[in-house]
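Student: I'd like to ask some things about the structure below.
The values are calculated or read from the model by the stated rules, or taken from the named source; none is laboratory data. All figures in this text were calculated on a predicted structure; none of them were measured in a lab. Cβ atoms come from the backbone with ideal geometry, glycine included; neighbour counts cover every protein chain shown.
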Amino acid sequence: MNIEAFRKYCMGLQGVEETLPFGPDTLVYKVYGKVFALTGLDGEEFSVNLKCDPDRSLELRDEYPDGITPGWHMNKKHWNTVFFESGISDKLLKELIDHSYKLVIAGLPSGIKKQLQ
């Protein structure tokens, strides 16, 4: 998956906005104001930080040691950095994006959750 496919996939999720709150080099994807994905645009290797269940994070890091690491500049318990060019399949990347999105939605107020149904 390249950056354009990643952007298109994220923007296809309901209620998502793409922002640049940290300057022109960091894309941040939010659902109703809450971050679920962010990526730098100036790095040598394309990677994205995604929210993840803590137990699943550990499993993924063990299974993909070169492709999934503790979240760079994030809470390492709840965030992973995923390197897109490490051999991780597009299918898994989409699953991880969806997982992050759903975790953030689960923490939203019930009124907003109803809007997403």
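Student: Quick test for you: out of Ile112, Ile97, pick the one residue that is in a helix (DSSP H, G or I) and under 12 Å from the mean Cα position of the chain (by Cα).
Tutor: Just a single option satisfies the conditions, and that option is Ile97.
Student: Also: Which number in (1) assigned to a strand (DSSP E or B); (2) at pLDDT below 95; (3) touching a Gly at 6+ places or on another chain (Cβ under 7 Å) marks the one condition that Thr69 misses?
Tutor: Exception for Thr69: condition (3).
A quick yes/no check of all residues on (1) in contact (Cβ under 8 Å) with a residue 60 or more places away in the chain; (2) surrounded by 14 or more Cβ atoms within 10 Å (Cβ to Cβ); (3) small (Gly, Ala, Ser):
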| position | (1), (2), (3) |
| --- | --- |
| Gly23 | no, no, yes |
| Tyr29 | no, yes, no |
| Val48 | no, yes, no |
| Arg61 | no, yes, no |
| Pro70 | no, yes, no |
| Lys77 | no, no, no |
| Phe83 | no, yes, no |
| Ser89 | no, no, yes |
| Ile105 | yes, yes, no |
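Student: Sort through Tyr9, Tyr32 and tell me the only one that's touching a helix residue (DSSP H, G or I) at 6+ places or on another chain (Cβ under 9 Å) and modelled with pLDDT of 95 or more.
Tutor: Criteria check complete, one pass: Tyr9.
Student: For the range 1-33, what are the residues that are closer than 14 Å to Asp98 by Cα and either in a strand (DSSP E or B) or of a type in the set (Asp, Glu) (or both)?
Tutor: Val16, Tyr29, Lys30, Val31
Student: Restricting attention to the range 34-59, and to residues there that are in a helix (DSSP H, G or I) and under 19 Å from Ala106 (Cβ atoms), which single residue is farthest from the chain's Cα centre (by Cα)?
Tutor: That would be Asp55.
Student: Counting only residues that are modelled with pLDDT of 95 or more and either surrounded by 13 or more Cβ atoms within 10 Å (Cβ to Cβ) or under 15 Å from Leu93 (Cα atoms) (or both), how many does the range 12-21 have?
Tutor: Final tally of qualifying residues: 4.
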